[in-house]
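Read the structure below first, then the notes.
The values are calculated or read from the model by the stated rules, or taken from the named source; none is laboratory data. Computed from a prediction, not measured in an experiment: that's the story for all the values here. FYI the Cβ positions are ideal-geometry reconstructions off the backbone, even for glycines, and counts take in every protein chain you see. Just the protein is used for accessible areas: all its heavy atoms, side chains included, with ligands, DNA and RNA removed. Shrake-Rupley method; radii C 1.70, N 1.55, O 1.52, S 1.80 Å.
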Amino acid sequence: MLSTKLFELERFHRKQCPICKSYFWTKNQAQEYCGDQPCVPYGFIGNSPVRVSVESIKELRERFLSFFEKRGHTRIKRYPVVARWRDDVFLVGASIYDFQPWVTSGAVPPPANPLTISQPSIRLTDVDKVGRSGRHLTGFEMMAHHAFNYPDKFIYWIDKTTEYAYEFFTKELGVAEDEITFKESIWEGGGNAGESFEVLVRGLEVATLVFMHYEMRDGKYVELPLKIVDTGYGLERIYWMAKGTPTVYDAVFGPYLSALRSKLGVQEPPRDVLGKASVYFGQMDPEVLGLERAYDEVAKRIGISPQEFREVMRPQEALYVLADHSRTVSWMIADGVIPSNTGAGYLARLLIRRMLRGLWLAGIEASLVELFDLHLKYLRDDYPEVWDSRDVILELIDLEEKRYKEVLRAAPDIVKRYLGRAKVLKADDLIELYDSFGVPPEVAREAARKLGGEAEVPDDFYSRVAARHQAKRSGEEKPKLDIGLTSVAGLPRTRELFYEDPYMRSFRAKVLRVIGGKYVVLDATAFYPEGGGQPADHGVIRHKGGEAKVVDVQRLGNVIVHVVEGPAPAEGEEVEGEIDWDRRISLMRMHTGTHVLIQSIRRVLGKHIWQAGAQKDIPFSRLDVTHYKLPTEEEIAKIERLANEVVMSNLPVKAVVMPRNEAEAKYGFIIYQGGVVPAKDVRVLVIGGDEPYDVQACGGTHLSNTGQIGLIKIARVERIADGVVRFIFTTGKYAVEYVERLEGELGSIAKSLGAAREEAATQLKKYLDKYAELERRAKKYAAEYARALARGLSPEKLAKADLAYLELDDEEVAKLIAAEATSANPRLLLVVKSGDRVSIYSGREIDVGSVLPALRGIGFKGGGSKTFAQGVYKGSGEDILKALRGALS
């Protein structure tokens, strides 16, 4: 039982709901039910319990944050919606995500304690209900206050948390004291758990107060060292309650919806119909009934037919979905998500296509780009970062809309291939059609019905699809060594000389352990172990018994293991290590060059650019970035020029180890450009001075200034996946060698053209123009030649066709002859033999397929269509004619 001092002082009563059996606390002694859906209906629509004026969602957010600031909480900036600091999820689903796992595990202190925040969050769990239920959203702001209680530092716990909630709703918003219900529950999420109160007002859950003190391990609760107050106040829900509108969409997106209805000519249905729909839908259980049956039941309760209700609501649903999804997608793109077939990009594309599908079902013809642009203007004040990304958002939406139309055109043929003998597309078939080809289930169903089939579309289709893509898949990485941690047990952490001095070429160290004559552990090393896309160092270890060649270096826990070939040293002896310096310095140039290059790409192509992968190697390295199209030659040249300007500026390069919170606060989440850093302290590489050119968390070896990179040369740019572009580049001496090779090839081309190097392009263009003219003339003469040959044909007139035969080596001319001859004579069957290859052409009155059995009877191997066939026959032309005469007589 959860109880607080507040309940004692204010004389709350603990009761049990007769419907759901949950326990709850209320000041209203006559209250019988828990106050939650579906046990009670909404009681605030058209009759708000909020007795203070709240004119905008921005004002409500400020009221909340100021309320907690006045009570000793530090206001912190909202985090991005893409959880780049986590390796288990793509998107932030609640404010506590900002602090998992580092703060909640106790590894890292919170950025402030206690703190308050209003965190944009995204959940696609109930995406199919958005637009229908009146209350569900994919994107929302979770206002919160958090307190982190340590064994030696107590902030506050259950008593103060419930007091704050009670005071905020009653004093700050003017809700009557006896209208607030605290429902007891258990909360689980992100690997943590704890008891909780759901705060309810007139049937609406407006906040959740979680007292997190468990960690989930193997399905069991394990006590955490911290006791964490994790609260969530729904900004949009509270504003909905304050306005008392029929749906949450009308409250949050009211001005945008009015503009949409005006622009699209969609009439707003009676507000009592919308209000009743929200009330009744809230009392349904779609998980049991199914969305369609719940919809029918709502229509019945309102007193209109299901068909009439759908006709009224379908365009409204489309607009509600558009309002919610367009804001969510704008958040995502502004934070660097590119719609694609993987990761967070997949979820963005799902929402975009759900918007387009809604408009299609409602029969609304409009440009999604224009509707997005209209919404961005309303989002500008609350989310300036979204407005700053307006150009790229609109360009991506335009691209996605065009792709969607291509999917619709291709859908009938795709569905036809999937329809089996049963003529029914099951849920798994529809999910595969959507995942593989992007075909929406309603479109698949329509196509299936036209083909005499059917499709069983589940009510929660999009929720099922989203669930398959919301969590990051941590692939099992194959161990680089065939020894485990037990083999290095008891050894101290290896001293990392490559960090102390990246320019150290040789060193002396003591051998701590030799395993199997192949693996050597030293007490200190300058050999860099493979990691962060940088290959391991190579070199030698010299010892009393000879010299061992170092062919690989890997981390094993806190120990660095050297993989050697040749005689291994003895345990306990002192050895000398020498790294392959030419290789190391080249890799340092590549790694530092990678940082310069990605920032240059970002500055030229846009802030949506994030690293999607990298491999530093010699003579070429690769850098994969998120981008929706192949950069132009001009953009590539600009990127390369900017990168080399940074090289010539000789900017300082410095690695600094910082506490995680300090690094995030100082530089932002751009430090995770290279991915998740699993440590409480972060090694940050800063290129530049007070206003850095690039800042990233990085564990590689780097130069001391950009001037040492030498030339940066982009060799190739290619699109390797949907939403991912790869840059192949090189630096330093390898870049010089690459340019020299290009220069040599240019010289050879110039010599062949009889021109100077600087005139090679001009001369080549002249030759190409001349070639094009010659090719044009050749085609003209070939056509004239073909017409002449066609006119000269003397086909043998048989009962079923006119048969002609040619032996000709030029396939293009043969096609021209066939086109001319079969057009003039629809009964013609023309056979063209070139060596062993045989081509058969026919006029529109002759089916080539009818003669193929006769040809196969003499050894012809091939096939074709009604008017053309091609294959191989090693016999004579006379044998072919003989077989055809028999078939056509």
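The criterion of at least 1 residues that are among the basic types (K, R) and closer than 29 Å to E775 by Cα is met, among helices (runs of 4 or more DSSP H) falling completely within the range 807-889, by 811-824. Restricting attention to the range 112-142, the residues that are over 15 Å from V321 (Cβ atoms), aliphatic (A, V, I, L, M) and open to solvent by 10 Å² or more (accessible area, probe 1.4 Å) add up to 2. Number of residues in the range 221-257 that are of a type in the set (D, E, K, R) and out of contact with any strand residue (DSSP E or B) (no Cβ under 9 Å at 6 or more places or on another chain) equals 2.
So that you can scan it fast, the table gives a plain yes or no per residue for (1) open to solvent by 50 Å² or more (accessible area, probe 1.4 Å); (2) in contact with a Leu (Cβ under 9 Å, 6 or more places away or on another chain); (3) outside any helix (DSSP H, G or I); (4) β-branched (V, I, T):
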{"residue": "I352", "(1), (2), (3), (4)": "no, yes, no, yes"}
{"residue": "M355", "(1), (2), (3), (4)": "no, yes, no, no"}
{"residue": "G363", "(1), (2), (3), (4)": "yes, no, yes, no"}
{"residue": "L371", "(1), (2), (3), (4)": "no, yes, no, no"}
{"residue": "H375", "(1), (2), (3), (4)": "no, yes, no, no"}
{"residue": "D391", "(1), (2), (3), (4)": "yes, no, no, no"}
{"residue": "R409", "(1), (2), (3), (4)": "yes, no, no, no"}
{"residue": "I414", "(1), (2), (3), (4)": "no, yes, no, yes"}
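Among residues of the range 201-228 that are free of Cβ contacts under 8 Å to residues at least 12 places away in the same chain, those with a beta-carbon under 7 Å from a residue that is in a strand (DSSP E or B) and surrounded by fewer than 22 Cβ atoms within 10 Å (Cβ to Cβ) at least six positions away or on a different chain give the pairs V222/Y214; V222/E215; E223/H213; E223/Y214.
A residue that is farther than 18 Å from G871 by Cβ, under 54 Å from the mean Cα position of the chain (by Cα), of a type in the set (D, E, K, R) and open to solvent by 20 Å² or more (accessible area, probe 1.4 Å) can be found somewhere in the range 806-813.
Every residue, every condition in (1) assigned to a loop (DSSP other than H, G, I, E, B); (2) basic (K, R), yes or no:
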{"position": "T125", "(1), (2)": "yes, no"}
{"position": "A144", "(1), (2)": "no, no"}
{"position": "A147", "(1), (2)": "no, no"}
{"position": "D159", "(1), (2)": "no, no"}
{"position": "E163", "(1), (2)": "no, no"}
{"position": "K183", "(1), (2)": "no, yes"}
{"position": "E198", "(1), (2)": "no, no"}
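Residue pairs whose Cβ atoms lie under 9 Å apart, sitting 6 or more positions apart in sequence or on different chains, and linking a residue in the range 307-318 that is over 12 Å from E292 (Cβ atoms) to a partner that is surrounded by 17 or more Cβ atoms within 10 Å (Cβ to Cβ) and polar (S, T, N, Q), are Q316/T247. Residues in the range 98-106: is at least one buried (at least 23 other Cβ atoms within 10 Å of the Cβ), among the acidic types (D, E) and within 16 Å of A207 (Cβ to Cβ)? Checked the range 98-106: no residue is buried (at least 23 other Cβ atoms within 10 Å of the Cβ), among the acidic types (D, E) and within 16 Å of A207 (Cβ to Cβ). Of R683, R622, all but one fail to be of a type in the set (D, E, K, R), farther than 28 Å from L399 by Cβ and surrounded by 15 or more Cβ atoms within 10 Å (Cβ to Cβ); the exception is R683. Selection of the range 702-750 for residues being in a helix (DSSP H, G or I) and among the β-branched types (V, I, T) yields T706, I709, V736, V739, I749.
Counting only residues that are of a type in the set (V, I, T), closer than 26 Å to K276 by Cα and surrounded by 18 or more Cβ atoms within 10 Å (Cβ to Cβ), the range 1-53 holds 3 of them. Number of residues in the range 363-384 that are in contact with a Ser or Thr (Cβ under 8 Å, 6 or more places away or on another chain) and either closer than 22 Å to Q267 by Cα or of a type in the set (A, V, I, L, M, F, W, C) (or both): the value is 5. Looking only at residues in the range 509-561 that are over 19 Å from D482 (Cα atoms) and among the basic types (K, R), the one that is least open to solvent (accessible area, probe 1.4 Å) is R542.
When the range 317-343 is filtered for residues that are at pLDDT 90 or above, of a type in the set (G, A, S) and open to solvent by 10 Å² or more (accessible area, probe 1.4 Å), only A334 remains. Screening I96, I117, I19 for residues that are part of a strand (DSSP E or B) and not basic (K, R) leaves exactly one candidate, I117. When the residues of the range 785-798 are filtered to those that are among the hydrophobic types (A, V, I, L, M, F, W, C) and touching a Lys or Arg at 6+ places or on another chain (Cβ under 9 Å), the one that is nearest to L816 (Cα to Cα) is A786.
Selection of the range 429-456 for residues being over 25 Å from the mean Cα position of the chain (by Cα) and either open to solvent by less than 40 Å² (accessible area, probe 1.4 Å) or within 17 Å of H469 (Cβ to Cβ) (or both) yields A447, A448, G453, A455. The C-beta contact set for the range 771-784 (first residue under 13 Å from I817 (Cα atoms) and open to solvent by less than 60 Å² (accessible area, probe 1.4 Å), second residue part of a helix (DSSP H, G or I) and not hydroxyl-bearing (S, T, Y), distance under 6 angstrom, 6+ apart or interchain) comprises A782/V813; A783/L816.
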